[in-house]
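Visitor: Just dropping this structure here.
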Amino acid sequence: MATLPPDDALLADLDKVVRDTLAYFEGPGRASKARVDRWQARDVLMHFIYFHDATAWGIQSVATGGPLWPVPGDSDTVNEVCRRLHEQESLDELLVQVRLAHARLLRAARGAPDLDTPCFRRANGDTMTGRQRLELLARHWAEHVQELRAAAKAG
């Protein structure tokens, strides 16, 4: 099997993680009442939408000569805002939004001239490149699903 170029391999890995995550939320995660800290499965899905979009916005912003994309608060604050904004939406509506956000992110990443360019600024001032964000998203999504599965088993 041929080795994929680094950007293609990175995007293929993220795409696989997202597809696995969607399968979880379309299957056992659909009705799960499991909690990881204070977050239920639906809450986790809600913040995936924002962080996927924010990463796409950052990649697109720097690709067009704009600024790094700012995250306005720490992760818990952003996650809570996302939860409140999406709390009245059905799981199916959330899944549609995740798919759309994922498609936007893949388009932005594929069109980026250089994923090693900083594109994202956290509230604490730390910056990340597009590549670092994509790697983090894949790891983060997989970890959340593993934690939700474990919590459901223990539950």
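Visitor: Put +1 on the Cβ of each Lys and Arg and -1 on the Cβ of each Asp and Glu in the range 6-154; which of 102, 113, 71 then has its Cα farthest toward the positive end of the dipole?
Guide: Projecting each Cα onto the dipole axis, the largest value belongs to 102.
Visitor: If the only charges are +1 at each Lys and Arg Cβ and -1 at each Asp and Glu Cβ, what is the size of the charge dipole of the range 6-154 around the Cα centre, to the nearest 20 debye?
Guide: 260 debye
Visitor: Can you give me the angle between helix 41-63 and the longest principal axis of the chain, using Cα atoms only, in degrees from 0 to 90, rounded to the nearest 10?
Guide: Helix 41-63 sits at roughly 10 degrees to that axis.
Visitor: Right, next: Between residue 135 and residue 100, what is the label-to-label distance in nm when each label sits 7 Å out along the Cα-to-Cβ direction?
Guide: Placing both labels 7 Å along Cα→Cβ, they lie 3.2 nm apart.
Visitor: Let me ask something else about it. What angle do you read, to the nearest 10 degrees and between 0 and 90, between the alpha-carbon axis of helix 91-111 and the longest principal axis of the chain?
Guide: 20 degrees
Visitor: Debye calculation, C-alpha points only, no solvent: report log10 I(q)/I(0) for the range 3-94 at q = 0.24 Å⁻¹, in the same order as the q values.
Guide: After summing over all Cα pairs, the log10 values are -1.25.
Visitor: Modelling each spin label as a point 7 Å along the Cα-to-Cβ direction, I'd like the residue 64/residue 121 distance in nm, to one decimal.
Guide: For residue 64 paired with residue 121, the spin-label model returns 1.8 nm.
Visitor: What distance in nm separates the two pseudo spin-label positions at residue 88 and residue 154, each 7 Å out from Cα along the beta-carbon direction?
Guide: Going from the residue 88 label point to the residue 154 one covers 3.5 nm.
Visitor: Treat the range 6-154 as a sphere of radius equal to its Kirkwood radius over Cα pairs and apply Stokes-Einstein at 10 °C in a medium of 1.306 mPa s; give the translational diffusion coefficient in µm²/s, rounded to a whole number.
Guide: For these conditions, the coefficient is 102 µm²/s.
Visitor: Rounded to the nearest 10 degrees, what's the angle between the helix 75-86 long axis and the longest principal axis of the chain, both from Cα atoms, 0 to 90?
Guide: 70 degrees
Visitor: Same structure, new question: Once the other residues with Cβ under 9 Å from the Cβ of residue 7 are scored (Lys, Arg +1; Asp, Glu -1), what is the net sum? Let's see the in-between values first.
Guide: Working: positive: 110, 131; negative: 8.
Summing Lys and Arg as +1 and Asp and Glu as -1 gives +1.
Laboratory data are not the source of any read-out in this text; all were calculated from the coordinates shown. All figures in this text were calculated on a predicted structure; none of them were measured in a lab. Glycine gets a Cβ as well: all are built from the backbone with ideal geometry, and neighbour counts include every protein chain shown.
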